[in-house]
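Inspection log for the structure reproduced underneath, given as structure tokens.
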Amino acid sequence: MKIRSVIVGCAHMHVNEIALYISGEPHSVLRGVADVPAALPEETDKRYTRAWNLQNIVNTYKVTPYDDYLAMLDELKPDVAYLLCENYRKAEIAEEIARRGIDVIIEKPMAVDPESAAKIVALKEKYGVNIFVNWPVAWRKYVREMKATLDSGQFGKIKKLRYLNGHTGPLGKGAKHRGVSDNAEAMTDAERSRTWWYRSECGGGAFLDILCYGCYFTRWMFGKKPLSMMAYAANLGTPYGDVEDNLAAIATYEDAFAVCEGTWTTPRRRMPTGPEAVCEEGAVWCDGVPDGEAFVAAADIYGNDVAPAALDEDEGYRNMPCHYAAFRLAGEPIAETLTAEFNADVVAMIDAARRSNLSRKAESL
């Protein structure tokens, strides 16, 4: 049996990575691809724009393009649709997919706000379908090794988690995204201003694009959502957009906290490999060298090296299409961090951070 897959939406450049992974998954077939109508028509088809993404998938994987995503769903009747539209349309389009009895896999973050997240969670019961959320970091083995090391208990409870993530922007200078070998082409400020990434009404900005990762790791590593969020954000280097491009947030628990930072104005090389956790009896962190393999390191409270937990290779954790195939065909469980319920918590954290940035005080979830 082949899992019949389609792609709905080409607004997110991760769509190229998804197409690559579907094509490489032996039990899956990519039957069609269609963009959704853009609220803000782009004025260029340079690399990583929605027009370029669509054409790259068609040319590379010989996939049939459709002008109308609804017509594609009705004609092909796929088993699963990967949704990569603008953030603000995810709830609306996810329902169009789900009401046809098709499973939905949404590219992170799940929704633009808690109300939209609740609508998406409700689709599972309303239409009897599966709703999952793809996170690129879910397939990093070293991150799962970090989580297993923390769960071993040898370091005690986490007291502080820190995560910094970012780049020069989705379409920034030198931007490069998995699934494509080349960097973004030079764009003018006017061209970038006409893309959804830099417009708040479309769900653009670093809060949803970058802070979501810090919220993901915080919710996962601590095993529960925090009590409140405090955040500060600003547009420091993106005058052609009306969104924040740098931010810092603190997630507070009863006796611990997490610091989550994001940027659209920093070279990716400056970014740490992954999260770092300070615990009662030591520390655990992700490490690596430029262009080298990432790994997990740990030390006890005295500074002595401690071997992190080891994980066996799992083919079901190579990427989202592989994970979904293992779930669909072999009944393997879906990772907690990909569930709609987990991701509703992540959206609630982002929302509280955004409210805090406006109120200048801590906001509860």
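Shape class for the stretch 3-137, computed from the alpha carbon gyration tensor (a ≥ b ≥ c): oblate, with a/c not under 1.5 and a/b at or below b/c. Would you give the gap between the C-alpha center of the stretch 208-227 and the C-alpha center of the stretch 87-156, rounded to a whole Å? Answer, in whole Å: 13.
Cross-link reach is defined here as a Cα-Cα straight distance under 20 Å, omitting same-chain residues fewer than 8 places apart; for Lys159 the lysines meeting it are Lys147, Lys224, Lys225.
Quick one: helix 114-127 against the long Cα principal axis of the chain, what's the angle to the nearest 10°, folded into 0 to 90? Approximately 60 degrees, to the nearest ten. Here the stretch 42-118 yields Rg over Rh of 0.99, to two decimals, using C-alpha coordinates and the Kirkwood radius. Hey, what did the chain get for relative contact order, percent, Cα under 8 Å, at least 6 apart? RCO, the chain: 19 percent. Helix 50-61 and the longest principal axis of the C-alpha atoms of the chain enclose an angle of approximately 80°. Normalising the average separation of contacting C-alpha pairs (under 8 angstrom, six or more residues apart) by the number of residues puts the relative contact order of the stretch 3-137 at 25 percent. Return a whole-number percent for the relative contact order of the stretch 1-60, with Cα pairs under 8 Å and 6 or more residues apart as the contact set. After rounding, I find 42 percent. Taking the Cα centre of the stretch 1-131 as origin and assigning +1 to Lys and Arg Cβ atoms and -1 to Asp and Glu Cβ atoms, the resulting dipole is close to 380 debye.
Helix 340-359 versus the longest principal axis of the chain: what angle, 0 to 90°, nearest 10, using Cα atoms? Compared with the principal axis, the helix lies near 70 degrees. Post the alpha-carbon centroid distance, the stretch 50-80 to the stretch 265-282, in whole angstrom. Rounded to whole Å, the Cα centres lie 37 Å apart.
Within the stretch 153-244, the proportion of Cα pairs with more than 15 Å between them is 68 percent. Within the same chain, lysines fewer than 8 places from Lys108 are excluded, and of the rest, those with a Cα less than 17 Å from its Cα are Lys90, Lys119.
When the charge dipole of the chain is built from unit charges on Cβ atoms (+1 for Lys and Arg, -1 for Asp and Glu) and taken about the Cα centre, the candidate among Ala118, Trp220, Ala256 whose Cα reaches farthest toward its positive end is Ala118. Taking only alpha carbon atoms, the stretch 302-365 gives an Rg to Rh ratio of 1.21, where Rh is the Kirkwood radius.
Using the rule -39500 (n - 2.57) for each DSSP H run of four or more residues, divided by the residues of the chain, the 222 nm mean residue ellipticity is -9500 deg cm²/dmol. Using the alpha carbons alone, the radius of gyration of the stretch 259-346 stands to its Kirkwood radius in an Rg to Rh ratio of 1.03.
Label positions at Leu236 and Gln154, each projected 7 Å from the Cα along the C-beta direction, are separated by 3.8 nm. Using the Cβ-Cβ distance between Thr60 and Val29 with R0 set to 22 Å, the FRET efficiency from 1/(1 + (r/R0)^6) comes to roughly 0.90. Taking a ≥ b ≥ c as the square roots of the eigenvalues of the Cα gyration tensor of the stretch 209-313, is the shape rounded (a/c under 1.5), prolate (a/b larger than b/c) or oblate? Here the stretch 209-313 falls in the oblate category.
A short reminder: the numbers here are calculations on the coordinates, not readings from a lab. Because the structure is a prediction, the values reported are computed rather than measured. Here Cβ is always computed from backbone atoms with ideal geometry, including for glycine, and neighbour counts include all displayed protein chains.
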